[in-house]
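Colleague: What follows is a structure written as structure tokens; I'll ask about it next.
The values are calculated or read from the model by the stated rules, or taken from the named source; none is laboratory data. Just so it is clear, the structure is predicted and the values come from calculations on it, not from any experiment. Because the Cβ atoms are built from the backbone with ideal geometry, glycine has one as well, and the counts that use them run over all protein chains shown.
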Amino acid sequence: MQTDKRLTKAYKHANVMNFDKNSKFIIFSDMHRGDDSISDEFAKNQSIMVAALRHYYKEGYTYIEAGDGDELWEHPRFQTIRAAHTDIFTELKKFYQKNRMFILYGNHNIFLRNRYYVAKRYYYFYDEYLGNRQKLFPNLKPMESLLLREKHSKQKILIVHGHQGDLLNDQIWFINMFFLRYFWRFMHLVGFKNPSSPAKNIYKRHRVEKNYDVWIKKHKVILVCGHTHRLKFPKPGEVSYFNSGCCINTKGITGIEIVNNKIMVVQWRMEADEEGIFRAVRRVIRGPKPISHFRH
């Protein structure tokens with residue numbers, strides 16, 4: 001019930017962007033950028049992400065971050081995260097300056113729904129070397145949802161983080177955050193996993209995703225999420241639920257591309273060439289399929 005209510009609200013109030021066969025999108029989620037310490041699960045993939053961002057910027061893609069980009073539950077000081085991942089924010093700034101960046105908030109960076117919080121922390125940053133404030137993302141407007149609408153067919157793709165209706169990560173997220181920040185964060189350092197996270201709890205992931213299926217059948221909209229960290233590309237006959245996976249996997253990062261009105265799942269990982277030199281390599285691992293195949 002809560003999932004239907006929350007997703008429907010996000011759908012009705014979504015920012016709308018029209019697209020066509022000439023549009024290019026890359027959707028990443030769940031970076032959980034931290035402070036570059038041992039508890040920062042994204043740190044190992046920072047170089048891969050930098051390579052991916054440079055590729056997508058050069059090729060004219062629009063960057064969509066579908067929630068949980070910054071790990072603000074564990075690390076409440078955004079300036080620490082920005083300093084730890086300067087290379088990432090340098091690349092993201094290029095997209096933003098070209099009006100090719102959309103930031104959605106998830107449960108782990110839910111503070112971004114507060115415009116005063118964003119204005120204070122994300123518009124500018126203090127450059128310690130230059131000794132003054134520099135622009136980062138001035139006038140950034142994070143959103144809960146983004147609705148892509150094909151110009152000609154009017155087919156719709158709703159992008160949200162996917163925590164909507166997930167009790168521990170939506171309605172009572174602050175309790176979950178408290179335990180993560182002051183308990184599970186330190187337990188994580190010695191190998192324990194937070195059982196309340198859908199990314200660590202297989203039963204919870206299945207329940208959340210079943211709720212998505214019900215909503216999609218009712219509203220007849222393609223749904224793209226993150227949150228569960230579980231990659232999803234629907235098989236023939238399944239409802240149109242896609243999941244971008246995450247960017248903290250030991251094997252690399254995964255995302256969803258929409259190009260030429262086709263949708264696909266890609267993976268970026270480090271691989272050695274014949275000379276033994278490691279390079280960031282992009283591979284299509286699901287699709288591509290025309291979005292017209294996913295009509296209800």
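Colleague: Suppose the filter is touching a residue at least 60 places away in the same chain (Cβ under 8 Å) and surrounded by fewer than 21 Cβ atoms within 10 Å (Cβ to Cβ); does Ala66 pass it? Before the answer, list the steps.
Modeller: Numbers: touching a residue at least 60 places away in the same chain (Cβ under 8 Å): yes; surrounded by fewer than 21 Cβ atoms within 10 Å (Cβ to Cβ): no.
Spelling it out, it is not the case that Ala66 is touching a residue at least 60 places away in the same chain (Cβ under 8 Å) and surrounded by fewer than 21 Cβ atoms within 10 Å (Cβ to Cβ).
Colleague: If I go through segment 1-52 residue by residue, how many of them are part of a loop (DSSP other than H, G, I, E, B), modelled with pLDDT under 95 and surrounded by fewer than 18 Cβ atoms within 10 Å (Cβ to Cβ)?
Modeller: Counting residues in segment 1-52 that are part of a loop (DSSP other than H, G, I, E, B), modelled with pLDDT under 95 and surrounded by fewer than 18 Cβ atoms within 10 Å (Cβ to Cβ) gives 6.
Colleague: Moving to a separate point now. Consider Leu104 against the criteria (1) of a type in the set (A, V, I, L, M); (2) closer than 30 Å to Met270 by Cα; (3) touching a Phe, Trp or Tyr at 6+ places or on another chain (Cβ under 9 Å): it satisfies all of them except one. Which criterion is unmet?
Modeller: (3)
Matching residues to (1) free of Cβ contacts under 8 Å to residues at least 60 places away in the same chain; (2) surrounded by fewer than 12 Cβ atoms within 10 Å (Cβ to Cβ); (3) among the basic types (Lys, Arg):
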| residue | (1), (2), (3) |
| --- | --- |
| Leu112 | yes, no, no |
| Tyr122 | yes, no, no |
| Phe125 | yes, no, no |
| Glu128 | yes, yes, no |
| Arg133 | yes, yes, yes |
| Met143 | no, no, no |
| Ser153 | no, no, no |
| Ile159 | no, no, no |
| Asp166 | no, no, no |
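Colleague: List the strands (runs of 3 or more DSSP E) that sit entirely inside segment 203-282 and contain at least 2 residues that are free of Cβ contacts under 8 Å to residues at least 60 places away in the same chain.
Modeller: Numbers: elements: 222-225, 241-243, 253-259, 262-272.
In segment 203-282, 241-243, 262-272 are the strands (runs of 3 or more DSSP E) which contain 2 or more residues that are free of Cβ contacts under 8 Å to residues at least 60 places away in the same chain.
Colleague: A follow-up question, please. In segment 115-134, what residues are under 23 Å from the mean Cα position of the chain (by Cα) and modelled with pLDDT under 95? Walk me through it before giving the result.
Modeller: Kept after step one, since they are under 23 Å from the mean Cα position of the chain (by Cα), are these residues of segment 115-134: 115-125.
Hit for segment 115-134 is Phe125, nothing else.
Colleague: Taking the condition over 16 Å from the mean Cα position of the chain (by Cα), modelled with pLDDT of 95 or more and within 28 Å of Lys24 (Cα to Cα), does Lys98 pass? Even if it seems obvious, please write down each step before you answer.
Modeller: Values: over 16 Å from the mean Cα position of the chain (by Cα): yes; modelled with pLDDT of 95 or more: yes; within 28 Å of Lys24 (Cα to Cα): yes.
Yes, satisfied.
Colleague: Right, something else. List every residue pair whose Cβ atoms lie under 6 Å apart, where the two residues are 6 or more positions apart in sequence or sit on different chains, the first residue falls within segment 12-30 and is among the charged types (D, E, K, R), and the second residue, located anywhere, is assigned to a strand (DSSP E or B) and at pLDDT 95 or above.
Modeller: Partner pairs satisfying both residue conditions: Lys24/Val259.
Colleague: Looking only at segment 1-34, which residues are farther than 21 Å from Asn249 by Cβ and among the acidic types (Asp, Glu)?
Modeller: Hits for segment 1-34 are Asp4, Asp20.
Colleague: Any residue in segment 173-190 that is out of contact with any Asp or Glu (no Cβ under 6 Å at 6 or more places or on another chain) and modelled with pLDDT of 95 or more?
Modeller: No, the conditions are met nowhere in segment 173-190.
Colleague: Filter segment 241-291 down to residues that are of a type outside the set (D, E, K, R), modelled with pLDDT of 95 or more and exposed (fewer than 15 other Cβ atoms within 10 Å of the Cβ) and give me whichever is farthest from Gly226 (Cα to Cα).
Modeller: Here the answer is Asn260.
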